[in-house]
1. Does residue 162 satisfy the criteria of being closer than 23 Å to residue 18 by Cβ and in contact with a helix residue (DSSP H, G or I) (Cβ under 6 Å, 6 or more places away or on another chain)?
2. Every residue in segment 185-196 that is modelled with pLDDT of 75 or more and within 27 Å of residue 8 (Cα to Cα), please.
3. In segment 57-68, which residues are touching a residue at least 60 places away in the same chain (Cβ under 8 Å) and assigned to a helix (DSSP H, G or I)?
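The values are calculated or read from the model by the stated rules, or taken from the named source; none is laboratory data. As the structure is a computational prediction, the values presented were derived from the model and not from experiment. Counting neighbours? That spans all protein chains shown, and the Cβs are built from the backbone with ideal geometry, glycine included.
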């Protein structure tokens with residue numbers, strides 16, 4: 001939900017580095033909240049390939065037209081609703097080795113766009129994780145990925161103090177939200193949790209496409 005707001009407010013070129021800093025804090029808070037539920041085997045398999053390719057994707061972002069990022073990301077989010085449901089309907093399960101292979105394209109995409117939560121969500125769900133285990137394992141893997149992404153932005157001068165400050169402010173609010181949300185997640189059944197994720201993807205994808213063509 002936050003990403004479209006950042007894109008509209010700051011443009012995709014600034015929104016992605018801001019989100020990288022905010023995502024580090026947000027994922028760190030989820031790791032802290034759900035520490036005991038982390039599946040380190042799943043996390044390690046994905047991170048091994050996603051981290052280096054996220055760095056490559058971050059470098060690519062710096063030369064991609066802003067409107068292309070908005071259109072591509074908005075379309076991708078909407079398409080992922082069908083992909084996630086298709087995977088769930090067939091009860092597909094992803095092994096750690098398959099997760100490592102998937103980490104290559106998804107890691108690269110994470111480097112290019114502000115956030116790939118709608119992409120990583122069905123992947124980690126297909127690995128057999130739900131609720132706390134899903135949130136913590138996806139967050140821990142994403143934490144490593146966003147560290148790599150931020151390091152690349154920093155090395156190419158895309159993280160000036162102003163961007164870092166905005167990311168820290170937004171990230172701090174996300175950290176608070178993670179602790180508040182824990183009790184709601186624990187009380188939510190898996191079907192409702194899945195439906196909520198679909199709604200978020202519709203909102204994010206539609207907002208980004210609107211910003212690309214009418215913003």
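1. Judged against the criteria, residue 162 is not a match.
2. 195, 196
3. 57, 58, 59, 67
To keep it simple, each residue is scored yes or no on (1) surrounded by fewer than 19 Cβ atoms within 10 Å (Cβ to Cβ); (2) more than 19 Å from residue 98 (Cα to Cα).
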residue	(1), (2)
134	no, no
142	no, no
145	no, no
151	yes, yes
154	yes, yes
159	no, yes
169	yes, yes
